Ligand SMILES: [Zn+2]
């Protein structure tokens, strides 16, 4: 603890605390060097909310592995969080193991389950052409109920970085603080598709004609998402309405509204897949693709 008051922590608002440097995007996903908060996040929240970051890390782990992102403290990339996939550095370079079924398979003592929707793998393929084997697989996004919290956490960190510490402390973000810290309330985010570029891009925030918002666009490994940090997410609803009028990309809102609690009780697991009936989107002039 230090003797002089510090900037209130953007998560718990404490003013006397052990300081820490927050990586706005977890290091395991390749946090850019300028995406740190040097002040304003206490060590307790920084460490204590690590389990929320884990949801984001797990979700993007296979893509981060393919992209060769080094993990915390320079550890080599790997895939540990998926039941049907295993990635690690082998003797001859990166190795990825994927169990297409039908039985369990042991890889270096690790049991790999057959790929199925229950393991988060929605489809897979294997083909050999001209001596080159190609393995394809489709991963479910949003299986982990903590993913929305992780996206909100990342977004409020970005907001603190871009608009300043005081902006992030605005009471209008208290609800999202509770959501991230305590899983209280409901926040969702939009997935707008992918640009196929395997890069992170943090676009400028966009606001409504009367300064509403912001909606915070986040592109991780080429996958475009957007989130609104105000309670009720009014700006996200406006964006969603606009997207519905257009028809270029597929998109969906995660978690799917109304599905969340029901499925938690019924199956213990949840899947969110873009509903083809809800296709429509092209980002307008000030949206992320512009
Ligand atoms: Zn704190």
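The values are calculated or read from the model by the stated rules, or taken from the named source; none is laboratory data. All figures in this text were calculated on a predicted structure; none of them were measured in a lab. Positions of Cβ are backbone-derived with ideal geometry, glycine not excepted, and every protein chain shown enters the neighbour counts.
Annotations
- Put simply, of 136, 131 the only residue that is out of contact with any helix residue (DSSP H, G or I) (no Cβ under 8 Å at 6 or more places or on another chain) and at positive phi is 131.
- Of all positions in segment 189-212, none carries a residue that is in a helix (DSSP H, G or I) and touching a helix residue (DSSP H, G or I) at 6+ places or on another chain (Cβ under 7 Å).
- Close pairs (7 angstrom Cβ cut-off, 6 or more residues apart or separate chains): within 20 Å of residue 147 (Cα to Cα) in segment 8-28, near the ligand (Cβ under 8 Å from one of its atoms) and in a loop (DSSP other than H, G, I, E, B) anywhere: 10/41; 11/41; 22/41
- Within segment 97-113, considering residues that are out of contact with any strand residue (DSSP E or B) (no Cβ under 8 Å at 6 or more places or on another chain) and surrounded by 11 or more Cβ atoms within 10 Å (Cβ to Cβ), the one nearest to residue 86 (Cα to Cα): 113
- In segment 77-96, the residues that are outside any strand (DSSP E or B) and either exposed (fewer than 13 other Cβ atoms within 10 Å of the Cβ) or touching a helix residue (DSSP H, G or I) at 6+ places or on another chain (Cβ under 6 Å) (or both): 77, 81, 83, 84, 91, 92
- Leading residue by the ranking (farthest from the ligand (Cβ to nearest atom)) among those in segment 31-51 that are within 19 Å of the chain's Cα centre (by Cα) and in a strand (DSSP E or B): 36
- Pairs are defined by a Cβ separation below 8 Å, a sequence spacing of at least 6 or placement on different chains, a first member in segment 35-47 that is farther than 13 Å from residue 153 by Cβ, and a second member that is outside any loop (DSSP other than H, G, I, E, B) and within 9 Å of the ligand (Cβ to nearest atom); no pair meets this definition.
- Matching residues in segment 8-20 - criterion: being crowded, with 17+ Cβ neighbours inside 10 Å, farther than 22 Å from residue 54 by Cα and near the ligand (Cβ under 8 Å from one of its atoms): 17
- For residue 157: the one exception among (1) modelled with pLDDT under 95; (2) in a helix (DSSP H, G or I): (1)
- Test: residue in segment 21-29 that is more than 16 Å from the ligand (Cβ to nearest atom) and exposed (fewer than 14 other Cβ atoms within 10 Å of the Cβ): no
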